[in-house]
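The block underneath contains the structure these notes are about, expressed in structure tokens.
The values are calculated or read from the model by the stated rules, or taken from the named source; none is laboratory data. It should be emphasised that the depicted structure is a prediction, and the values quoted were computed from it without experimental measurement. Note that each Cβ is placed from the backbone with ideal geometry, even for glycine, and that neighbours are counted across all protein chains shown.
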């Protein structure tokens with residue numbers, strides 16, 4: 001369903017929304033005393049749950065790790081969730097541009113606060129939009145969300161403060177793991193099919209190769225024959241020590257490169273753009289770093 005058609009449907013639905021329904025929704029929200037939150041991406045939703053506990057109700061829009069987020073199409077259901085949200089959190093940097101359109105077309109039941117990760121971290125359209133792999137992003141988002149919750153629900157500020165402190169503490173093992181990997185692997189040449197893991201690769205200090213190819217893949221344009229050939233040469237001649245690929249976007253070209261890597265005995269690891277079911281943000285990041293460290297275990301300077 002095209003976004004323009006969705007927005008038309010949304011406007012019509014809201015025009016005929018019975019006042020009693022809106023009143024019932026408000027009464028229910030008051031009774032449960034939970035802050036209704038919408039997160040565009042489920043890893044932000046997970047962080048919000050960690051910060052708010054049972055005092056927030058979180059709806060995550062992108063939440064299927066088996067689907068390509070770039071193929072997402074908004075629906076009236078998405079807009080209805082936004083209508084009732086007191087807080088909305090999304091990535092920005094043109095990763096989820098449909099959020100701006102939906103927010104512009106969706107009336108709110110009351111005052112609505114919007115937190116955009118890109119604005120908190122100084123990123124803009126054209127930058128690598130996979131901000132959740134950049135270590136400073138989640139602390140910045142967490143602090144902004146916690147400040148909102150404390151303001152919206154001051155009676156429980158001490159609980160929100162404690163949860164924020166616990167969340168930031170829970171990120172320290174992740175920071176420590178990155179530091180250890182940097183001490184071992186700084187300058188190691190690696191490659192990737194897309195820049196999904198780019199910020200984390202920078203934090204570790206890898207020499208990232210084939211960046212033009214990755215940008216083309218991210219922008220859904222055809223990489224040049226020269227860039228494809230250079231990528232394959234890096235793999236065949238083992239000029240790189242690991243291939244990082246986005247398992248949510250495995251087209252024919254990605255599968256071809258994975259075959260080349262396998263034949264050349266270059267290890268490959270998968271990363272995702274969506275939080276897997278049953279994991280927290282911290283567990284997700286740690287598991288991918290574990291896989292990466294395992295792939296590089298035999299590397300020697």
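General observations
- Between 175, 109, the distinction of being in contact (Cβ under 8 Å) with a residue 24 or more places away in the chain and either touching a helix residue (DSSP H, G or I) at 6+ places or on another chain (Cβ under 7 Å) or buried (at least 18 other Cβ atoms within 10 Å of the Cβ) (or both) belongs to 109 only.
- The residues on offer are 104, 92, and the sole one that is farther than 17 Å from residue 58 by Cα and at pLDDT below 95 is 104.
- Residue among 261, 295, 291 that alone is in contact with a strand residue (DSSP E or B) (Cβ under 6 Å, 6 or more places away or on another chain), at pLDDT 95 or above and surrounded by fewer than 18 Cβ atoms within 10 Å (Cβ to Cβ): 291
- Residue within region 123-132 that is within 20 Å of residue 200 (Cβ to Cβ), free of Cβ contacts under 8 Å to residues at least 24 places away in the same chain and within 16 Å of the chain's Cα centre (by Cα) present: no
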